[in-house]
Each structure stands twice: as C-alpha cells, then as structure tokens.
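Heads up: the structure comes next, in structure tokens.
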Amino acid sequence: MTLEHEPVRSSMLPYGQQSIDEEDIQAVVEVLRGDFITQGPSIAKFEQQIANRTGASYAVAFTNGTAALHGACYAAEIGPGDEVITSPITFLASANCVRYQGGIPVFADIDEATYNINPDKIKEKISPKTKAIIPVDFSGQPVEIEKIMKIAAQHGLVVIEDAAHSLGASYKGKPIGSWADMTMFSFHPVKHITTGEGGIIVTNNEIYYKRLLLFRNHGMTKDPEDLMYNEGPWYYEMHDLGYNYRMTDMQAALGSSQLHKLDSFVEARRKIACIYNEAFAEIEGLVIPYQADDSASSWHLYVIQWKPEYFTVDRKVLFEAMRDEGIGVHVHYIPVYKQPYYQSLGYDMDKCPVAERYYATAMTLPLYPKMTDQDVYDVISAVKKVVLKYRKS
Ligand SMILES: *Cc1c(COP(=O)(O)O)cnc(C)c1O
C-alpha cells in the first residue's frame, strides 16, 4: 500500500523509450562481421522495406529525420525567399529544414480538437511566394491529408508530410507515406522504430527520388545516364552542392529488424492509449486525445490537457507535481515561432491563438511498447492523485 506522502514511483518513468531485443542485436552484429558497415547492401534493403510498408515507390534513407527533411526541401527546390507553411505545434526540425534552404517558414494555426494544422488556416496563409506545405501528423494522428493535397494542387504547392510521429498510421485506409509528394519518417529512439539516429523520405516521384540521392551524397553522381562527360571507369561528377547525409549499414540492419515488429509496437501503443482513455475520460477537468473516424493513429504521444478553469494551479505546478510522483511527463511542443531564434527573425508572439492555448494546458504522459501494466497503472494513479490535490472543489 502506498502512503499519501510517498511518490507513486521512486525512479522516473520516461515518456518514451526504444524496444531492442536479441534479434535486433544479432542483426547489427551480423553487419559488423561482414564486409560493409556503410554504403553496403543493408541500406537499399531497408529502403525497399520501408517503401513497401508505406505504399511508396521510392525511399531514401538519411542520417536522421532532420537531414531527411532538409533533403526533401532541396528536392522540392525550396530556395531563398520561398514560403513554406507548417504547424507551430511541432519539433523545431519541421521549420528549420526550410531555413537551411533559405526559405521562410510560415505558421498556420492548429485545429482545436486534433492539435494538427488546420487546413482552413493553411488557405489563409497562402501567398504568391508559397512553395510548399509541411503538415505534421502530431502525436501519430494523421492530418487531413486529402484536403491538404487538394489545396496544394489548386495552388501548385509541394506537400512534404512530416510523419516522424506516424509510421504505421493510416488515413482513409491508406498508409501514411502513400499520400503526400514526399513523406519523412524518423528513427530516433522515441519514435515507432529506431536506428539510433536515422530518417527516411518516401516518394512516388522519380525526379524527387534522384534529387534526394544526389543531395545525400555530396551532390555527386556516377550514373552514366546523368554524366556530362565520361573520362573513364573512375569518373564521377558533382552536379550540385550536396552533403554527406548517409545512413550506415549497422543502422539500416537495425531498422529492418525493428520494422518486423512495427505492427506489434503500434498495437501495444494503441492498447495503452485505450486504457488511458478509459481511465481519464470520466475525470472532470481533463481532455483526452481526439480520435478521428476516418484515420488510425499510431499513437506516438499521449497528450492530455488540464482545463485551467478546473484547477487551482497552472500547468507548470501540475507538471512538477507529476514529476514529483516519478512520472517523466513532457510538453510537446513550445510553438516554434516563440523560440528566440525565430523571434530574432521577426516572428511576433501570439500569432496562433489556438496553439498558444493548447501549449498552456498540454502534458505528454509516458507511452511506449515496453511499458508494463504496473507502469501504466502508476501513470493513472499519479494523474488521479494530482487531480485530487489541485482540482477546485
Ligand atoms: C523527431 C522529429 C523530427 C526529426 O527527427 P530526427 O530524426 O530527430 O532528426 C522532425 N519532426 C518531428 C515532428 C519529430 O518529432
């Protein structure tokens, strides 16, 4: 029995963590014993598997998801002064990738219910300089991608879906990865499957595919079809300024091994989300995550909102109270334009009122496949304890 003044847990439960098993370890060891630890066959194999899984024709793996987004902005020919519309409630990389190319991120407010970018707000932000849209499937809940593709088609815009949260999710029965012009997945350890660091772009467009390959490898090509000259078998040409953004074979082999388990990982996340939903739905003052009828979330994050009018303290105190109970809660995300870097570029505060309101009340609870029943139960106990302590009577 736990005493009132004792924390629910004595050590901190993280909000997310990878699941690595013996099969994963063996897959990496096999590469280490082989001939290629980079630029070998494991990478093309992993790329093909991700393409198959997400319903895309091509996939290009990168050192991380941020580099992959940079590659996608290059492939879409985003350049200085071009505007790209994205969500303020996302990780920094969704906007930074535009800046790498000299472009200007433009933030369109989120939807009150889904926390995803609001398609009507996208329309309001379109200008003659708009070149692309980077919608983000926040928490694993797909954006209204069909609507967004239609808006993009009407204005000749490229859609780069930031699906760092939504590997394994689907919209209207079709997998995420098969909708946008390019789709990015991240393999950071908190994401659905991991390669340590890693990311990938999937696309059905051959031109984008070739530009992604070029960009990942110094802007260099050896493809006889693309060469301007050919001075001999050693010959290579650099056609543009690219980077070294290559993934290693160790990472790709880990990715392939992890991908076998994607369905069970997503299933485990859905089960925990379901238990949370049941536990929190009836608690006055809490808002549980939205679930759309026409899409299936892959539940990267479980976010609750604490309705301010129900509590005697603000989110900061509630957050600290949860941490004091040993629950490693988090906040996803600070609206990107509030960052000092973006402020210094002239982005003013309070640009997206819905995002601001969301940010003031949101809290991410732990959610990952390895969580035990006891872990899940501890999170629920801690939330209930904090609610009782701080709810207005
Ligand atoms: C994780 C993440 C990224 C970047 O991925 P990295 O692999 O960490 O570089 C981009 N966008 C979102 C929304 C993310 O959560």
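The values are calculated or read from the model by the stated rules, or taken from the named source; none is laboratory data. Note that this is a predicted model, so its numbers are computed, not measured. When we count neighbours, we look across all protein chains shown, and the Cβ atoms used for this are built from the backbone with ideal geometry, even at glycine.
Quick one: is residue 354 more than 16 Å from the ligand (Cβ to nearest atom), farther than 24 Å from residue 380 by Cβ, aliphatic (A, V, I, L, M) and modelled with pLDDT of 95 or more? Walk me through it before giving the result.
Numbers: more than 16 Å from the ligand (Cβ to nearest atom): yes; farther than 24 Å from residue 380 by Cβ: yes; aliphatic (A, V, I, L, M): yes; modelled with pLDDT of 95 or more: yes.
Yes, satisfied.
Go through (1) in a loop (DSSP other than H, G, I, E, B); (2) in the same structural domain as residue 31 (by TED's automatic domain parsing) one by one and return the number of the condition residue 291 breaks.
Unmet for residue 291, out of (1) in a loop (DSSP other than H, G, I, E, B); (2) in the same structural domain as residue 31 (by TED's automatic domain parsing): (2).
Give the residue, chosen from 86, 90, 130, that is away from the ligand (no atom under 16 Å from the Cβ), among the hydroxyl-bearing types (Ser, Thr, Tyr) and assigned by TED's automatic domain parsing to the domain that holds residue 202.
Residue meeting the stated conditions: 130.
Take the stretch 60-78 and flag every residue that is in a helix (DSSP H, G or I) and in contact with a strand residue (DSSP E or B) (Cβ under 9 Å, 6 or more places away or on another chain).
Residues satisfying the conditions are 65, 66, 67, 68, 69, 70, 71, 72, 73, 75.
Please enumerate the residues belonging to the stretch 12-43 that are over 27 Å from the mean Cα position of the chain (by Cα) and under 22 Å from residue 265 (Cα atoms).
Within the stretch 12-43, just 26 meets the criteria.
On the given criteria, is residue 324 more than 26 Å from residue 121 (Cβ to Cβ) and either among the charged types (D, E, K, R) or surrounded by fewer than 17 Cβ atoms within 10 Å (Cβ to Cβ) (or both)? Lay out the reasoning, then the answer.
Details: more than 26 Å from residue 121 (Cβ to Cβ): yes; either among the charged types (D, E, K, R) or surrounded by fewer than 17 Cβ atoms within 10 Å (Cβ to Cβ) (or both): yes.
Spelling it out, residue 324 is indeed more than 26 Å from residue 121 (Cβ to Cβ) and either among the charged types (D, E, K, R) or surrounded by fewer than 17 Cβ atoms within 10 Å (Cβ to Cβ) (or both).
Across the stretch 308-329, what is the number of residues that are part of a loop (DSSP other than H, G, I, E, B) and closer than 24 Å to residue 17 by Cβ?
4
Just for the stretch 58-73: of the residues that are surrounded by fewer than 24 Cβ atoms within 10 Å (Cβ to Cβ) and within 7 Å of the ligand (Cβ to nearest atom), which one is nearest to the chain's Cα centre (by Cα)?
Top of the filtered list is 66.
Which of the residues spanning the stretch 358-378 are of a type in the set (A, V, I, L, M), within 23 Å of residue 114 (Cα to Cα) and part of a helix (DSSP H, G or I)?
Kept after step one, since they are of a type in the set (A, V, I, L, M), are these residues of the stretch 358-378: 360, 362-363, 365, 367, 371, 376.
Imposing the further condition that a residue be within 23 Å of residue 114 (Cα to Cα) reduces the set to 360, 362-363, 365, 367.
Matches in the stretch 358-378: 360 only.
Quick one: in the stretch 93-108, which of the residues that are touching a Pro at 6+ places or on another chain (Cβ under 7 Å) and in contact (Cβ under 8 Å) with a residue 40 or more places away in the chain is nearest to the ligand (Cβ to nearest atom)?
Step by step, filter the stretch 93-108, then rank; the result is 95.
Got a number for residues in the stretch 170-189 being crowded, with 23+ Cβ neighbours inside 10 Å and part of a loop (DSSP other than H, G, I, E, B)?
The qualifying residues number 5.
Applying the selection to the stretch 19-57, what residues are assigned to a loop (DSSP other than H, G, I, E, B) and surrounded by fewer than 20 Cβ atoms within 10 Å (Cβ to Cβ)?
19, 20, 21, 34, 35, 36, 37, 39, 40, 55, 57
Quick one: would you say residue 343 is within 20 Å of residue 277 (Cβ to Cβ), without any contact (Cβ under 8 Å) to a residue 60 or more places away in the chain and either among the aromatic types (Phe, Trp, Tyr) or touching a helix residue (DSSP H, G or I) at 6+ places or on another chain (Cβ under 8 Å) (or both)?
no
Search the stretch 339-357 for residues being assigned to a helix (DSSP H, G or I) and of a type in the set (S, T, N, Q), and hand back the single one that is farthest from residue 119 (Cα to Cα).
Narrowing the stretch 339-357 to residues assigned to a helix (DSSP H, G or I): 340-344, 353-357.
Keeping just the survivors that are of a type in the set (S, T, N, Q) gives 343-344.
Numbers: 343: 25, 344: 28 Å.
Taking the candidates together, the pick is 344.
Quick one: is residue 165 crowded, with 24+ Cβ neighbours inside 10 Å, over 19 Å from residue 46 (Cβ atoms) and not charged (D, E, K, R)?
Yes, satisfied.
Mind listing just one residue for me: the one in the stretch 185-234 that is of a type in the set (Ser, Thr, Tyr) and in contact with a helix residue (DSSP H, G or I) (Cβ under 9 Å, 6 or more places away or on another chain) and, of those, nearest to the ligand (Cβ to nearest atom)?
The selected residue is 186.
Any residue in the stretch 47-56 that is within 26 Å of residue 245 (Cα to Cα), touching a Gly at 6+ places or on another chain (Cβ under 6 Å) and not small (Gly, Ala, Ser)?
Yes, the stretch 47-56 has at least one match.
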